[in-house]
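Asker: Attaching a single structure in structure tokens format; questions to follow.
The values are calculated or read from the model by the stated rules, or taken from the named source; none is laboratory data. Quick caveat: nothing in here was measured; it's all calculated off a predicted structure. We place every Cβ from the backbone using ideal geometry, glycine too, and count neighbours over all the protein chains shown. Calculation scope for accessible area: heavy atoms of the full protein, side chains included, ligands and nucleic acids excluded. Shrake-Rupley method; radii C 1.70, N 1.55, O 1.52, S 1.80 Å.
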Amino acid sequence: MAESPVGVYKRRDTITALPLYYSGHLLKKYTGEKDFKNCYGELRGSTIFLYTDQMHDTYSEKLDLQMLKSMVMDAPYQKNRSTIYTLTLSNEEVQLKVDNPNTGEEWRGFIMTVATREIPSKLQLLPGQILRLEEVLSEEQKRQAACSPLLTTTYPIHPSSSPGNTYDNTLNGIPLCFFPVSRQKAEKMLKENTEYGNIILRPSTDNTNYAITLRQDNPSGPVMKSYKVLSIDTGFVIELNSPVTVPSLAAVLDHFLMETEFRLQPYLVPQTYDTCIELPPEKPTLPSKTVPRARVAPMIHTQSPAGDIPPSYPIPLIPTKATEAGNEYQDADDISGPEPKDLHQELRIAVQRRKEQIYTGSPFLRPIQK
């Protein structure tokens with residue numbers, strides 16, 4: 001009984017220890033070869049594993065997409081026509097051919113997303129396929145962060161390399177040993193502070209790329225060396241006799257550390273930290289403000305000629321309801337009901353006498369003679 005593809009995939013998972021993002025039949029040939037060869041390809045992590053057929057669990061070749069410099073389509077996207085892509089890696093060039101143009105467009109989307117960690121802007125894919133690319137991008141970013149601790153913990157950004165937020169630049173992968181200095185300044189730093197490290201990442205002379213300046217302590221004395229690092233769309237190229245392409249600046253530093261068997265170390269300036277938390281002094285309590293009281297001008301009373309007693313003004317009369325006999329007025333103090341007729345008449349006489357006294361004492365209050 002033939003083995004199911006599920007069992008083969010499980011063994012491939014164990015062998016490669018990488019997540020499967022995409023797979024399918026391919027035709028492949030290297031530069032210089034005449035004919036394409038049939039194979040089965042699986043995109044796991046940032047590597048394409050090539051198998052002789054779909055049922056083999058051991059891959060025959062693999063393509064590391066972290067070394068990808070460019071991916072060019074030999075023919076424009078057309079239906080009912082095979083698609084050929086030329087992948088230029090740092091150490092080789094290979095062509096991949098897909099008979100179905102729709103499948104070829106999917107291969108291009110997945111390869112470029114994993115290699116550049118960015119979804120290409122122009123893809124002729126369905127919304128569901130684009131959503132799958134977004135999931136792959138997120139998963140690959142997490143995988144790279146988990147399997148490459150040097151990129152995230154050992155080399156965070158140096159505070160002096162950017163005036164912006166330190167934590168944002170840490171996510172961009174700028175190593176802590178980056179300093180915006182010239183070549184002469186970098187050599188001076190390495191010479192004067194040997195205990196800080198041996199490698200400085202700095203801007204290149206043209207300020208458009210980067211450079212590595214390092215100090216090697218040979219028996220004959222210290223030797224200063226500088227290497228140029230070019231910035232490209234898919235990463236960075238270290239200009240050596242055999243150029244090396246890496247995806248990030250932290251990977252540039254990793255390459256130098258591994259090539260020197262970690263005998264060199266990044267130039268890290270030690271920083272002091274406090275070890276005791278002190279209680280800050282209490283804020284002084286401000287005295288409460290006193291609100292000044294408003295001053296009221298004294299009331300001026302006019303004295304009557306008869307004495308010092310201030311004049312009393314007539315009590316206003318409150319109109320009552322109109323009756324058949326005419327409009328009558330009710331005293332202001334009498335609002336509960338009518339009083340006896342004799343008392344009401346006495347009050348009217350008293351009020352009239354008081355008015356006459358006031359008019360007599362003040363010439364301005366005398367009634368106008370008609």
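Asker: Take the alpha carbon gyration tensor of the stretch 5-147, find the square roots of its eigenvalues, order them as a ≥ b ≥ c, and report rounded if a/c is under 1.5; if not, report prolate when a/b exceeds b/c, else oblate.
Answerer: rounded
Asker: For the stretch 174-259, what D do you get in µm² per second when you plug the Kirkwood radius from alpha-carbon pairs into Stokes-Einstein at 4 °C and 1.567 mPa s?
Answerer: 98 µm²/s
Asker: OK, next. Order Ser288, Ser226, Ser182 by their accessible area, 1.4 angstrom probe, all chains in place, largest first.
Answerer: Accessible-area ranking of Ser288, Ser226, Ser182, largest first: Ser288, Ser182, Ser226.
Asker: Multiplying the sequence separation of Phe36 and Leu131 by 0.36 nm and subtracting their Cα-Cα distance, what value in nm do you get?
Answerer: So the chain would gain 31.0 nm between Phe36 and Leu131.
Asker: Further, regarding this structure: Give me the net charge of Pro120's neighbourhood, meaning all other residues with Cβ under 13 Å from the Cβ of Pro120; Lys, Arg count +1, Asp, Glu -1.
Answerer: -2
Asker: Rounded to the nearest 0.05, what FRET efficiency do Thr194 and Ser288 have when you use their Cβ-Cβ distance and R0 = 56 Å?
Answerer: Between Thr194 and Ser288 the formula returns 0.35.
Asker: Pop a pseudo-label 7 angstrom from the Cα along the beta-carbon direction at both Ser182 and Thr47 and give the gap in nm to one decimal.
Answerer: If labels sit at Ser182 and Thr47, their model points lie 4.5 nm apart.
Asker: Asp217 to Glu61: extension gain in nm, 0.36 nm per residue of separation minus the Cα-Cα distance?
Answerer: Separation in residues times 0.36 nm, less the Cα-Cα distance, equals 52.1 nm.
Asker: Which pairs break 25 Å Cα to Cα here: Lys142/Lys225; Lys29/Lys142; Lys34/Lys69?
Answerer: Lys142/Lys225; Lys29/Lys142
Asker: How far, in nm, would the chain grow between His344 and Ser242 when pulled straight, counting 0.36 nm per residue and subtracting the alpha carbon separation?
Answerer: Roughly 24.0 nm would be gained on extension.
Asker: Using the Cβ atoms and a cut-off under 15 Å, what net charge is assigned to the surroundings of Glu259, where Lys and Arg are +1 and Asp and Glu are -1?
Answerer: Local net charge: -1.
Asker: Any idea how far apart Met258 and Ser231 come out in nm if each label point goes 7 Å out from Cα toward Cβ?
Answerer: According to this spin-label approximation, the distance is 2.4 nm.
Asker: Could you compute the net charge surrounding Val181? Neighbours are other residues with a C-beta less than 11 Å from the C-beta of Val181; K and R count +1, D and E count -1.
Answerer: My count for the surroundings of Val181 gives +3.
Asker: On to the next question. Rank-order 227-236, 111-120 by packing density, defined as the average count of other C-beta atoms within 10 Å over each peptide's residues, highest first.
Answerer: The packing order, highest mean first, is 111-120, 227-236.
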